[in-house]
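The values are calculated or read from the model by the stated rules, or taken from the named source; none is laboratory data. What you see is a predicted model, and the numbers here were worked out from it, not measured in a lab. Positions of Cβ are backbone-derived with ideal geometry, glycine not excepted, and every protein chain shown enters the neighbour counts. Calculation scope for accessible area: heavy atoms of the full protein, side chains included, ligands and nucleic acids excluded. Shrake-Rupley method; radii C 1.70, N 1.55, O 1.52, S 1.80 Å.
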Amino acid sequence: MEKEVMEQLADEKVFGVEGAPQFIIDAERLAHPIRPVRLAVYCLASCAAAAQATYIWLEPASVGSVNVGSRLVLDALVVAVGAGLWRAELAKRAATLKSIWKEAKFRAESLERAEKGLGDTLW
């Protein structure tokens, strides 16, 4: 089962936690305890910029204003950057989960070899 999941996820850039064992997920969470805060900041900044852009767009007084276009472009840029940072954070999480899982598998195989007398456990 584990091998099938790893083969299935080989080409995937953002990796969900459906196939990972709980100890791998816990190890990744302990390695990056600030990630939920960063994701919340990205989300709040993007939502605030989207709300501001909507307000500017719907405000009748802003129709004749000179800076409307630049403010809308800036808000769109903040939303795009927030989405990009969110995606990058999830890609980093995927890479971390895969590397932790790979290291755990290596250690388990090394321990099995050591128990059989075929090698040692130098990690």
Quiz item: Hey, residue 15 hits all of (1) modelled with pLDDT under 85; (2) more than 15 Å from the chain's Cα centre (by Cα); (3) surrounded by 15 or more Cβ atoms within 10 Å (Cβ to Cβ) but one; which does it fall short on?
Solution: (2)
Practice problem: Out of the residues in the stretch 28-54 that are of a type in the set (Gly, Ala, Ser) and surrounded by 14 or more Cβ atoms within 10 Å (Cβ to Cβ), state the one that is farthest from residue 94 (Cα to Cα). | Solution: 53
Quiz item: residue 82 versus (1) modelled with pLDDT of 85 or more; (2) open to solvent by 60 Å² or more (accessible area, probe 1.4 Å): which is the lone unmet condition?
Solution: (2)
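In the stretch 22-123, which helices (runs of 4 or more DSSP H) lie fully inside it and hold 3 or more residues that are more than 30 Å from the chain's Cα centre (by Cα)? Give the derivation first.
Numbers: elements: 22-31, 35-58, 68-116.
It comes to 35-58, 68-116.
Can you work out which of the residues in the stretch 55-75 that are aliphatic (A, V, I, L, M) and open to solvent by 60 Å² or more (accessible area, probe 1.4 Å) is farthest from residue 95 (Cα to Cα)?
61
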Quiz prompt | Residue within the stretch 64-78 that is modelled with pLDDT of 80 or more, in contact with a Lys or Arg (Cβ under 9 Å, 6 or more places away or on another chain) and acidic (Asp, Glu) present | solution = no
